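The values are calculated or read from the model by the stated rules, or taken from the named source; none is laboratory data. This structure is a prediction, so every number in the text was calculated from the model and none was measured. Don't worry about glycine lacking a Cβ; one is built from the backbone with ideal geometry, like all the others, and counts go over all protein chains shown.
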Amino acid sequence: MLCISKIGLGTWLLGGDVIANPDNDDEHDIMAIQYAIDNGISHIDTSESYSGGKSEILVGKAIKKYDRSKIFLATKVREWNLSYNKLIDSCFASLKRLSTNYIDLYYVHKQNPKIPIEETCRALNYLLSKGVIKNVGLSNVGISTIEEYNKYLNKKVYAVQNQYNLICRESQCKGVINYCKDNKIKFICWRPILLSYPGVIDPMYSKGTYPLLDKLSEKYHVSNVQIVAKWLLQQENIYIIFKSNKISHIQEILDTQKFTLSTLDWKELDEKFPVKFNKGCASNEFYEIT
Ligand SMILES: NC(=O)c1ccc[n+]([C@@H]2O[C@H](COP(=O)([O-])OP(=O)(O)OC[C@H]3O[C@@H](n4cnc5c(N)ncnc54)[C@H](OP(=O)(O)O)[C@@H]3O)[C@@H](O)[C@H]2O)c1
């Protein structure tokens, strides 16, 4: 099986937001996904809920012209579809939208305390046994939840997808990062560059917001975004999925492969960057700055 690439493309906001945008420039989004694939990003991340399923349709169209075995396709089932029958129906609906007959990595997007994990795992085990999903992932979880799933799954959890970036370190503080490394579970960072909510969160890329980023970007002759991404990419067992449908932005993230932060500079970012969230981010997609 194809290994997951260290840099992956996220597709939240492709095709719309919570619902599909009828005026979306679909061809542009498809072209952006194809640019990413053509330049070595084989890992594409989507969800049944992104733009009401349209993101999966766009991904399906984008990957059609490629050898399927060269693409690592990840999608997610939402927390309201975790009962046995609903999960299986959801998975087959995703397969249809993606125009494929298997999903490399199928995540439980968020937990639903009303549905027993054992029941969700029975459905996941069924899908694994049919070969329509190759691996199971969990998103927005801590260690105890991972362990609970592993009690019932016939194939151990392959990946955990939590928010993790310079600002939000909950997974680091709660030991999830180290737990995943020790247990050979891939740790995938969502919102790696934390730029999605302009006006709510200081955009890290604008000069003058974080002097430390300004200093390092000047030293390495790169952008602030590249420093932000590189701090993650230099960590063992850490994978990123960033979203962009702009060629220049995708290329900028790809270009992070051309430089390396010194150990001293990496450590300075790790220790001195003004962390804002040490709790509350793993389970909440939307959060408040305190
Ligand atoms: N599991 C979960 O609960 C969960 C939650 C949220 C997200 N996700 C996944 O994680 C992916 C990434 O998270 P995200 O989209 O929220 O945040 P993100 O990737 O950290 O940031 C995306 C934002 O950064 C901009 N951007 C990308 N590259 C840039 C560059 N080089 N320079 C300047 N701006 C740049 C994008 O705009 P442009 O498009 O204009 O480039 C977009 O506004 C999502 O797409 C989704 O697949 C998962």
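Report the residue count in the stretch 185-218 for those that are at pLDDT below 65 and either within 8 Å of the ligand (Cβ to nearest atom) or at negative phi (or both).
7
Restricting attention to the stretch 19-34, which residues are within 12 Å of the ligand (Cβ to nearest atom) and of a type outside the set (D, E)?
Scanning the stretch 19-34 gives H28, A32, I33.
Would it be correct to say that S248 is free of Cβ contacts under 8 Å to residues at least 12 places away in the same chain and within 13 Å of the ligand (Cβ to nearest atom)?
yes
Identify, please: which residue in the stretch 1-13 is under 19 Å from K54 (Cβ atoms) and modelled with pLDDT of 95 or more and is, among those, farthest from the ligand (Cβ to nearest atom)?
L9
Is the stretch 153-165 home to any residue that is part of a loop (DSSP other than H, G, I, E, B), modelled with pLDDT under 95 and within 27 Å of Q234 (Cα to Cα)?
Looking through the stretch 153-165, at least one residue is part of a loop (DSSP other than H, G, I, E, B), modelled with pLDDT under 95 and within 27 Å of Q234 (Cα to Cα).
If I ask for residues that are surrounded by fewer than 19 Cβ atoms within 10 Å (Cβ to Cβ) and assigned to a loop (DSSP other than H, G, I, E, B), which ones from the stretch 6-23 would you list?
Selection gives K6, L13, D17, V18, I19, N21, P22, D23.
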